[in-house]
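*Asks:* There's a structure below that I have some questions on.
Only the coordinates and a few stated rules stand behind these numbers; no lab work does. What you see is a predicted model; the values in this text were computed from it and never measured. Positions of Cβ are generated from backbone atoms using ideal geometry, with glycine treated the same way; all protein chains shown enter the neighbour counts.
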Amino acid sequence: MKTQTNYLLMILSLLWGCGQQQTSTVETPQVKSYSIAQFMGNTSIGGSSFSHDQSKILFSSDESGIYNVYAVPVAGGESIQLTKSDSQTVWALSYFPQDDRFLFSADNNGDEINHIFMQSAEGEVEDITPYEGARSSFYGWNRERTGFFFGSNKRDKKFIDVYEMDIETFEPKMIYQNDNGLNFNGMSDNRRYFALSKSITTSSNELYIYDNENKSMKLLAPANGNSFRASGFSLDNKALFFRTNEGSEFTYLAKYDIETEAKEEIYKAEWDVMYAYQSFNEKYRIVGINEDGRNTIKVFESKTGTEVIFPTLPDGDITSVNIADTEDIMTFYAGASNMPSNLFFGKIGETSASQLTNTLNPEIDPTDLVSAEVIRYPSFDNLEIPSILYKPQNASAENKAPAIVFVHGGPGGQTRTNYSAIMQYFANHGYVVLGVNNRGSNGYGKTFNKMDDQKHGDVDLKDCIWAKQYFNTLDYVDTAKIGIMGGSYGGYMTAAALAFAPEEFKVGVDIFGVTNWIRTLRNMPPWWESFKDALYQEMGDPYSEDSIALYNKSPLFHADKITKPLMVLQGANDPRVLQAESDEIVAAVKRNNVPVEYVVFDDEGHGFSKKENRISGYGQVLEFLDKYLKGETPEPAEL
């Protein structure tokens with residue numbers, strides 16, 4: 001149903017209230033509890049591509065229980081499911097420029113070996129990158145709209161080459177052979193210049209311009225601990241826009257003149273510029289800013305620098321602005337910590353926009369959800385740790401709640417104020433959730449980001465432990481009942497907490513976390529070759545004397561110290577954190593006669609994309625927490 005933004009603002013201002021107060025002096029509110037199936041009954045959506053006649057928008061949605069491709073009319077109305085997958089996760093890429101064919105991407109149950117598929121208007125599907133064992137990634141359409149660019153490691157599994165696919169013949173042509181392990185960052189419309197990056201560490205890299213005409217490579221600047229990321233070439237093919245934190249704590253937008261090599265600052269904020277790009281004919285420049293864990297969008301007229309009016313939402317998080325080639329209409333996503341993102345359509349420069357989707361499960365009353373609050377607390381060395389707090393509405397000094405320290409993935413990463421069904425689920429069931437952005441997290445400056453280099457499982461873990469001191473200041477937290485949970489790198493932090501600080505947390509939930517750094521770093525997917533040395537710089541080289549430190553920070557080799565209940569969730573097809581990581585930590589902890597629960601999904605990889613698996617897995621997590629953290633005999637989780 002179409003909803004004008006000015007009307008939407010009145011509704012959302014009632015539903016998306018301010019952050020929660022730290023103490024409670026009012027009567028405990030009555031909040032309805034919802035099942036994990038109801039929270040997963042929300043619809044998760046992403047992506048947007050205008051059809052050739054601009055009448056429809058292509059996007060991904062898990063409405064069917066697994067991600068498929070859908071289309072919605074810009075005039076509003078019901079979304080139409082275009083792909084019919086019931087087993088493989090499918091991601092929308094783009095409509096074709098001149099007809100209703102479209103491209104989508106899919107791998108094999110989470111193995112990350114994606115292929116690019118084409119579906120006709122009649123529903124016929126063809127794999128147009130059928131290269132066995134090779135990944136293919138869509139890079140966008142050429143300027144003439146006669147073909148698209150993509151990356152593939154079909155020539156050499158370690159290196160991603162760049163190809164152009166003609167959409168008349170569907171014969172790919174290699175236009176850049178990647179023999180140096182560089183990362184593709186974009187190309188000029190005339191195909192002469194390629195922006196290529198080289199990772200030096202996980203937080204610094206070098207940016208090059210490769211001249212395909214004279215076969216020369218030009219370095220913009222030495223890394224020197226700084227980051228450089230391309231943000232597109234100018235329409236006249238004479239300049240490269242890029243983002244960098246050179247000479248600054250935070251990333252800003254700059255411009256590089258290819259002929260004169262002069263650099264010019266274009267836009268700078270007090271936070272990181274996450275992305276920036278120009279519309280098809282350079283009429284507008286879109287800038288996304290990571291403002292304390294929340295997105296801020298700026299749209300400017302490129303020639304004058306004048307800021308363009310853009311719809312605003314109270315406590316809202318606007319993302320993924322997509323301006324059509326005609327440069328008069330756009331789509332964007334808007335949500336909040338207590339409202340899943342929805343897709344909007346509007347005209348440039350107008351304050352109103354049409355809401356095209358309604359992703360919140362109608363069974364959930366939005367007033368029962370929690371508004372996340374950005375807080376900071378001092379760590380062991382008085383460094384402020386920015387974090388995202390979810391306080392259950394019925395928690396109070398008279399009704400104290402158990403708490404969960406939730407650790408994001410990485411190294412790097414960031415917990416943000418966007419909607420999290422999992423955090424809302426736990427808060428709805430009476431758990432305080434604190435999303436810790438420990439030192440090493442992105443978004444708080446390059447100094448903060450580098451503070452955990454080769455100190456993993458030490459200073460970053462102490463940041464998580466010191467969250468308990470913050471909980472001591474909240475009269476509604478039961479400080480005897482604090483657990484730790486996280487996925488990927490956050491899963492490592494969970495296992496590390498139980499092994500290296502066994503008395504600090506009452507329970508741990510490890511979601512596909514690393515437990516043996518030596519094996520993980522020696523068995524990275526081949527397509528991570530360009531990133532391998534950078535990761536070794538941060539974590540340590542497993543083939544050197546660093547292996548001693550890696551052994552010492554790997555929870556598996558200290559599992560005999562784990563005395564608190566542990567739950568582990570794992571995808572069998574995970575190419576990053578192998579199932580062996582979880583198998584072995586589970587077996588080791590069981591030998592301690594400690595309660596251990598283990599859930600493996602045979603059809604998932606590094607992350608759980610299927611609703612039925614998320615319902616099963618996180619439903620079991622709540623049962624585990626209720627039993628071992630809250631101290632209740634749980635009923636089987638309502639599905």
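*Asks:* Given Cβ point charges of +1 (Lys, Arg) and -1 (Asp, Glu) and nothing else, what value in debye, to the nearest 20, does the dipole of region 269-360 about its Cα centre take?
*Replies:* 160 debye
*Asks:* I would also like to ask the following. Using alpha carbons only, how many angstrom separate the centre of region 34-109 from the centre of region 340-400?
*Replies:* After rounding, the separation between the Cα centres reads 24 Å.
*Asks:* What nm value, rounded to one decimal, do you get for the distance between D257 and M174 when each label is placed 7 Å out toward the C-beta?
*Replies:* 3.7 nm
*Asks:* Follow-up. Hey, how many Å between the Cα centroid of region 111-136 and the Cα centroid of region 544-606?
*Replies:* 34 Å
*Asks:* Could you tell me the distance between the Cα centroids of region 467-538 and region 154-219, to the nearest Å?
*Replies:* 35 Å
*Asks:* Find, among the GluC sites (Glu not before Pro) in region 302-369, those assigned to loop by DSSP (not H, G, I, E, B) with at most 11 other beta-carbon atoms within 10 angstrom. Please report the intermediate quantities before stating the final value.
*Replies:* On the way: sites: E307, E327, E350, E363; in loops: E327, E350, E363.
Sparse-neighbourhood loop GluC sites (Glu not before Pro): none present.
*Asks:* Pulled fully out, how much extra length does the chain show between T296 and F531, if you take 0.36 nm times their separation in residues and subtract their Cα-Cα distance?
*Replies:* 81.7 nm
*Asks:* Considering only lysines 8 or more places apart in sequence, or on different chains, count the pairs in region 408-556 whose C-alpha atoms sit under 30 Å apart.
*Replies:* Here the count comes out as 26.
*Asks:* Along region 491-499, what does the Karplus equation 6.51 cos²θ - 1.76 cosθ + 1.60 (θ = phi - 60°) give for ³J(HN,Hα), rounded to whole Hz, x for Gly and Pro?
*Replies:* x, 4, 4, 5, 5, 5, 4, 5, 7
*Asks:* For a quick check: with amide H placed at 1.01 Å from N, whose amide H comes under 5 Å from G607's, ignoring anything fewer than 5 positions away on the same chain?
*Replies:* G571
*Asks:* Right, here's the next one. State the antiparallel share, in %, of DSSP beta bridges confined to the chain, rounding to the nearest 5. Let's see the in-between values first.
*Replies:* Numbers: 111 of 136 bridges.
Antiparallel: roughly 80 percent of the beta bridges in the chain.
*Asks:* Under 14 Å from a point 7 Å along the Cα-to-Cβ line of A580: which residues of region 517-536 have their amide N that close?
*Replies:* 517-525
*Asks:* Shifting gears a bit: Once R0 is set to 45 Å, what does the formula 1/(1 + (r/R0)^6) return for the Cβ-Cβ distance between D365 and Q98, expressed as a FRET efficiency to the nearest 0.05? The partial results should precede the final answer.
*Replies:* Values: r = 45 Å, r/R0 = 1.01.
Efficiency, from the Cβ-Cβ distance: 0.50.
*Asks:* Now for a separate question. For log10 I(q)/I(0) by the Debye sum over Cα atoms at q = 0.12 Å⁻¹, which listed value, [x] -1.11; [y] -1.31; [z] -1.49, comes from the coordinates shown?
*Replies:* Comparing each candidate, only [z] matches the computed number.
*Asks:* Run the paramagnetic zone check for D211: 7 angstrom along Cα to Cβ, then residues of region 178-197 with backbone nitrogen under 14 Å.
*Replies:* Only 192-194 pass the distance filter.
*Asks:* Further question on the same structure: Cross-link partners among lysines for K611, C-alpha distance below 16 Å, same-chain residues fewer than 8 apart left out?
*Replies:* K84
*Asks:* Can I ask one more? Please list, or write none, the aspartates and glutamates whose alpha carbon is within less than 19 Å of the alpha carbon of K268, excluding same-chain residues fewer than 8 places away.
*Replies:* Filter leaves E246, E249, D257, E291, D292, E301, E307.
*Asks:* Within region 200-259, list the GluC sites (Glu not before Pro) lying in a DSSP loop whose Cβ has at most 12 other Cβ atoms in a 10 Å radius. If you can, show how the numbers build up before the last one.
*Replies:* Details: sites: E206, E213, E246, E249, E259; in loops: E213, E246, E249, E259.
Here the GluC sites (Glu not before Pro) that fit, given the DSSP loop and packing criteria, are E213, E259.
*Asks:* Would you calculate, for the chain, the mean residue ellipticity at 222 nm contributed by helices, counting each DSSP H stretch of 4 or more residues as -39,500 (n - 2.57) and dividing by all residues, to the nearest 500? Before the final figure, lay out each step's value.
*Replies:* Details: 12 runs with 106 residues, N = 639.
The helix-only estimate for the chain comes to -4500 deg cm²/dmol at 222 nm.
*Asks:* Kindly provide the GluC sites (Glu not before Pro) of region 122-173 that DSSP labels as loop, not H, G, I, E or B, and whose Cβ sees at most 15 other Cβ atoms within 10 Å.
*Replies:* Details: sites: E122, E124, E126, E132, E144, E164, E168; in loops: E122, E124, E132, E144, E168.
Here the sparse-neighbourhood loop sites are E122, E124, E132, E144, E168.
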